[in-house]
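Below is one structure; the comments refer to it alone.
The values are calculated or read from the model by the stated rules, or taken from the named source; none is laboratory data. Note that the coordinates shown come from a computational prediction; the quantities given were computed from them, not determined experimentally. Cβ placement follows ideal geometry from the backbone for every residue including glycine, while neighbour counts extend to all protein chains displayed.
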Amino acid sequence: MTTTQAISNLHEKFLKGEFAVTGECGPPRGADLSVMKTKGDMLRGWVDAVNVTDNQTAIVRMSSIAASKHLLDMGLEPVMQMVCRDRNRIAIQSDILGAYSMGIRNILCLSGDHQSFGSQPDALNVFDIDSMNLIRTVRDMRDSGKDMSGFDLKESPKMFIGAAANPFADPFEYRVLRLGKKIDAGVDFIQTQCIYNMPRFKEWMRLAGEEGLTEKVYIMGGVTPIKTVGMAKYMKNKVAGMDVPDEIINRVAGVAKEKQADEGMKICLETIEELKTIKGVSGVHIMAIEWEEKVKDIVQGAGLRK
């Protein structure tokens with residue numbers, strides 16, 4: 001950590017040693033603010049901060065900056081996601097300054113899904129810098145008060161810097177090395193890919209602990225409740241970097257169709273219980289996209305809020 005003074009509510013939770021909870025909110029495919037209000041109402045009071053995705057899956061949506069500001073106005077703290085796919089370094093720095101000026105204090109730095117996976121595969125990408133350099137850019141702007149050209153900023157953006165980590169991608173031995181590189185670049189907190197393979201996650205945490213990395217960054221374990229066995233199979237077979245063991249699929253498949261969502265919720269709660277016992281895990285990131293009404297049940301069921 002490069003700063004010990006709380007930058008945001010989320011940062012303060014970590015500094016106090018409390019088990020933090022973040023949720024996720026996908027902006028609408030349109031300018032209808034009521035969508036954000038509905039999702040915000042479901043999350044308010046149950047999470048410490050809310051990730052706002054940035055044109056996720058390379059599909060045009062309301063901008064993450066605007067959606068984050070709307071959540072702020074509704075009394076929620078956003079974690080503004082920013083991807084490198086759509087901006088060059090000039091636009092990136094400009095958006096960081098603009099977001100900070102509006103009161104946004106948390107940022108999650110990502111490379112972004114390739115446009116070929118989205119609804120407009122012929123769109124040109126940018127990828128002027130990657131997520132590692134995006135982390136470094138936000139860190140340098142915050143700590144040195146200078147932009148990438150060395151120009152002094154009149155007010156530096158004091159952002160709490162996050163990034164994603166996938167303990168399940170191959171080669172496995174590179175996962176901890178990559179975490180170390182993100183920490184060296186200046187990341188303050190990490191949110192992981194959805195955890196279904198708990199033994200592999202624990203091994204990743206053990207190796208990260210041996211390298212002293214868990215003492216240098218706040219790690220939040222990612223969880224996503226499974227709705228149906230079809231969803232579980234899709235994540236296993238179609239989503240890159242996802243690790244859904246057969247035992248999880250068989251468990252969901254082993255109950256009646258109308259009970260599969262309940263079983264998925266049980267698995268999610270069991271995962272959180274295990275995460276709370278793992279040294280170095282500082283919180284949980286609940287990804288219940290388009291199922292935000294379940295966040296309250298998850299948080300209460302896991303004993304994270306009354």
Working only within the range 127-181, note down all residues that are among the β-branched types (Val, Ile, Thr) and either over 28 Å from Ala208 (Cβ atoms) or touching a Phe, Trp or Tyr at 6+ places or on another chain (Cβ under 7 Å) (or both). Val176
Based on what the data block shows, is Lys181 within 22 Å of Ala20 (Cα to Cα), surrounded by fewer than 20 Cβ atoms within 10 Å (Cβ to Cβ), modelled with pLDDT of 95 or more and within 20 Å of the chain's Cα centre (by Cα)? no
Is there any pair linking a residue in the range 57-82 that is in contact (Cβ under 8 Å) with a residue 60 or more places away in the chain and farther than 20 Å from Met159 by Cα to one that is part of a helix (DSSP H, G or I) and among the small types (Gly, Ala, Ser), with Cβ under 9 Å and at least six apart or on different chains, and which? Ala58/Ser116
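For every residue, the table says whether it meets (1) buried (at least 16 other Cβ atoms within 10 Å of the Cβ); (2) among the basic types (Lys, Arg); (3) at pLDDT 95 or above.
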residue	(1), (2), (3)
Met220	yes, no, yes
Val239	no, no, no
Met242	yes, no, no
Glu258	no, no, no
Ile267	yes, no, yes
Glu273	no, no, yes
Lys279	no, yes, yes
Gly283	yes, no, yes
Met287	yes, no, yes
Can you tell me which of (1) more than 17 Å from the chain's Cα centre (by Cα); (2) assigned to a helix (DSSP H, G or I); (3) not aliphatic (A, V, I, L, M) is the one Ser68 doesn't meet? (1)
For the list (1) buried (at least 16 other Cβ atoms within 10 Å of the Cβ); (2) under 23 Å from Gly26 (Cβ atoms); (3) more than 18 Å from the chain's Cα centre (by Cα), I need the number of the one condition that Asp297 fails. (1)
Candidates Phe168, Phe189 - the one that is touching an Asp or Glu at 6+ places or on another chain (Cβ under 8 Å) and either touching a residue at least 12 places away in the same chain (Cβ under 8 Å) or over 19 Å from Asp243 (Cα atoms) (or both): Phe168
Has the range 227-239 got any residue that is under 19 Å from the mean Cα position of the chain (by Cα) and either at positive phi or in contact (Cβ under 8 Å) with a residue 24 or more places away in the chain (or both)? yes
Would you tally the residues in the range 94-114 being part of a helix (DSSP H, G or I) and closer than 26 Å to Asp48 by Cα? 7
Answer residue from the range 29-54, given it is in a loop (DSSP other than H, G, I, E, B) and acidic (Asp, Glu) and is surrounded by the fewest Cβ atoms within 10 Å (Cβ to Cβ) among those: Asp32
For the range 193-203, does any single residue satisfy the condition of being surrounded by 19 or more Cβ atoms within 10 Å (Cβ to Cβ), within 20 Å of Ile278 (Cβ to Cβ) and among the aromatic types (Phe, Trp, Tyr)? yes
Sort out for me the helices (runs of 4 or more DSSP H) sitting completely within the range 163-269 that have 3 or more residues that are over 25 Å from Phe117 (Cβ atoms) and out of contact with any Gly (no Cβ under 9 Å at 6 or more places or on another chain). 173-185, 198-210, 246-253
So which of Ser34, Ser94 is out of contact with any helix residue (DSSP H, G or I) (no Cβ under 8 Å at 6 or more places or on another chain) and closer than 25 Å to Gly186 by Cβ? Ser94
